[in-house]
Amino acid sequence: MSDFCIVILAAGEGKRMKSEVPKVLHEICSKPLVNYVVDAAKLMAPKKIVVVISRKRPQVREVLDRDIKVAFQAQPLGTADAVKAAGKDIPANCRDVIVLYGDTPLITAETIRTLYDFHLEKNASCTVLTTHLINPRGYGRILRSETGQFIGIVEDKDATYLQKSVKEINTGMYCFKKDDLLEALAHIKPANQSREFYLTDVFSWIFNKNKKIEACVADDFREVLGVNLKTELMEASQIIRQRILENFSGQGVRIADPLTTFIDETAQIGAGTEIFPFSVIEKGVLIGKNCSVGPFCHLREGSVLKDKVSIGNFTEIKNSILGESTRIRHISYIGDTTVGKKVNIGAGAVIANFDGRKKHKTVIKEKAFIGCDVVLVAPVVVGKKAVVGAGSVVTRDHNVPDGALVMGVPARIVQKPKKKR
Ligand code: UD1
Ligand code: MG
């Protein structure tokens, strides 16, 4: 069993986001910021994860898994006060406490592992993860002595002109010996511009007690970006989106244009599938092997594409299953529909699934042919190998028998199914 727990701070006000939504609930690829940090923390298999949230924003609780312990901070008095709020939830038998911030979604378990291993190797009382930034504005700066020894952290707001020129910054990821942390927290005072209790002051306090403080330098600054502003949210989104796309590419999916393709990380896509530009694939969508999606496609929640499906320009699919080798190449809306194998749906075909009050289901059986500009008013069933002529409106409950040809508005049978000999 591991010898550490992880505390994640998510109780800040997030004023700089200029939004009613709590900062850690802002989403990247439909996942709240805080959950990126929680997911990385889980991979470390700690004894316990404690997330500190604000009493004033209890809705943060709702996005966290039930097995995560939540501690409440009464007032946003600063990061040191937030860690203090988690104090009673830190197991007594933990040697170390890793502290992470809920607004650093790019963090990975490998980075946390590097920090933790460094901390153990140095047998430090506390260790901070740092990195170098070309533009360090807004971040706490790492202070080192003339010999390069790490001696403390100064916040951007409190830094002198000279200190502001330091490019090495505090990433907001730390590892502490539990007993030293708890002792130091009891002594932190809000002696700064913001009148806040800074967690970063723990370092100088511990340093002054002649205990070992260490700074571990991360190479990849893209792992540690803190999100305080909407522009930083945008920056982090781009990096995460790129990571997700690289992951799908690694699984054999061809993404023609990463700049205009949005795929949720929970989607599943089979090898050999090609995604063309300007396509959006939402949460939980399942796409088989050797499919073709886009350009300009929107696959919404509940969409399942079996192998070799081809979906083209300006097609939206919602809560529908498309059978193997089915083709919907142009300007269609398919909602709440089960489509069989080898169905062809022509340009401009629409499923009218909503009657103004309720959504209804449609079934299109295998090898059916739906002509251009057809409207199928749900609930309705189009039989096997049936043909719906161009421009027809098949009204609700007027099911099309297997093998029949229907046409017109409203659609009528013009050719009965051929009898089997
Ligand atoms: C903090 C660090 C800074 C570092 C930067 C890295 C401090 C004092 N400063 O600054 O050195 O470079 O992160 O991203 O720690 N929070 C609470 N309760 C509070 C205040 C904050 O839970 O009372 C939480 C926030 O929700 C957030 C995290 O702590 O997830 C960090 O707070 P934030 O206000 O974003 O600090 P920064 O100014 O980014
Ligand atoms: Mg921050």
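The values are calculated or read from the model by the stated rules, or taken from the named source; none is laboratory data. Keep in mind that this is a model prediction, so the values were computed, not measured. Counting neighbours? That spans all protein chains shown, and the Cβs are built from the backbone with ideal geometry, glycine included.
Does Ala215 satisfy being among the aliphatic types (A, V, I, L, M) and part of a loop (DSSP other than H, G, I, E, B)? In short, no. Of all residues assigned to segment 7-17, at least one qualifies as being crowded, with 18+ Cβ neighbours inside 10 Å, away from ligand 2 (no atom under 15 Å from the Cβ) and modelled with pLDDT of 95 or more. Looking only at segment 78-102, which residues are in contact (Cβ under 8 Å) with a residue 60 or more places away in the chain and basic (Lys, Arg)? If the condition is that a residue be in contact (Cβ under 8 Å) with a residue 60 or more places away in the chain and basic (Lys, Arg), then Lys84, Arg95 are the ones that fit.
Selection of segment 107-132 for residues being in contact with a Lys or Arg (Cβ under 6 Å, 6 or more places away or on another chain) and surrounded by 15 or more Cβ atoms within 10 Å (Cβ to Cβ) yields Ala124, Ser125.
Checking each residue in segment 78-96 for being within 15 Å of ligand 1 (Cβ to nearest atom), of a type in the set (A, V, I, L, M) and under 13 Å from Lys48 (Cα atoms) picks out only Ala86.
Condition check for Val50 on (1) free of Cβ contacts under 8 Å to residues at least 60 places away in the same chain; (2) out of contact with any Asp or Glu (no Cβ under 8 Å at 6 or more places or on another chain): one failure, at (2).
No other residue among Asp257, Asp220 is of a type in the set (D, E, K, R), more than 27 Å from Ala40 (Cβ to Cβ) and within 21 Å of the chain's Cα centre (by Cα) apart from Asp257. Among the residues of segment 153-190, the ones that are closer than 24 Å to Ile8 by Cα and either assigned to a loop (DSSP other than H, G, I, E, B) or of a type outside the set (D, E, K, R) (or both) come to 20 in all. Residues that are in contact with a Lys or Arg (Cβ under 7 Å, 6 or more places away or on another chain) and crowded, with 21+ Cβ neighbours inside 10 Å within segment 176-213 comprise Lys177, Asp180, listed in sequence order.
In segment 299-313, the residues that are over 17 Å from Gly346 (Cα atoms) reach residues that are in a loop (DSSP other than H, G, I, E, B) and basic (Lys, Arg) with C-beta atoms within less than 7 angstrom, at least six apart or across chains, in these pairs: Glu301/Lys283; Asp307/Lys289. Checked against (1) free of Cβ contacts under 8 Å to residues at least 24 places away in the same chain; (2) away from ligand 1 (no atom under 14 Å from the Cβ), Gln75 meets all criteria but (2). Please work out which residue is modelled with the lowest pLDDT, limiting yourself to segment 184-207 and to residues that are within 11 Å of ligand 1 (Cβ to nearest atom) and out of contact with any helix residue (DSSP H, G or I) (no Cβ under 8 Å at 6 or more places or on another chain). In this case the residue turns out to be Pro190. Output the qualifying pairs, or none if there are none: Cβ atoms under 8 angstrom, residues six or more apart or on different chains, first residue in segment 121-135 and closer than 21 Å to Lys209 by Cα and free of Cβ contacts under 8 Å to residues at least 12 places away in the same chain, second residue crowded, with 16+ Cβ neighbours inside 10 Å and among the polar types (S, T, N, Q). Hits for this filter: zero, empty list.
Any idea which of (1) surrounded by fewer than 19 Cβ atoms within 10 Å (Cβ to Cβ); (2) in a helix (DSSP H, G or I); (3) at pLDDT 95 or above is the one Ile244 doesn't satisfy? For Ile244, the exception is condition (1). Of all the listed residues (Pro22, Pro58, Pro105, Pro32), the sole one being free of Cβ contacts under 8 Å to residues at least 60 places away in the same chain, within 14 Å of ligand 2 (Cβ to nearest atom) and not acidic (Asp, Glu) is Pro22.
Restricting segment 1-52 to residues that are away from ligand 1 (no atom under 11 Å from the Cβ) and among the basic types (Lys, Arg), the residue that is farthest from Thr111 (Cα to Cα) is Lys18. Hey, does segment 333-350 have a residue that's assigned by TED's automatic domain parsing to the domain that holds Leu299, surrounded by 23 or more Cβ atoms within 10 Å (Cβ to Cβ), within 23 Å of Ser292 (Cβ to Cβ) and free of Cβ contacts under 8 Å to residues at least 24 places away in the same chain? Yes, there is a match, as at least one residue in segment 333-350 is assigned by TED's automatic domain parsing to the domain that holds Leu299, surrounded by 23 or more Cβ atoms within 10 Å (Cβ to Cβ), within 23 Å of Ser292 (Cβ to Cβ) and free of Cβ contacts under 8 Å to residues at least 24 places away in the same chain. For segment 61-102, a tally of residues being among the aliphatic types (A, V, I, L, M) and more than 16 Å from ligand 2 (Cβ to nearest atom) returns 12.
Applying a threshold of 7 Å to beta carbon distances and a minimum spacing of six or more residues, or different chains, the list of pairs starting in segment 199-222 at a residue that is free of Cβ contacts under 8 Å to residues at least 40 places away in the same chain and ending at one that is not charged (D, E, K, R) reads Trp205/Ala184; Trp205/His187; Trp205/Ile188.
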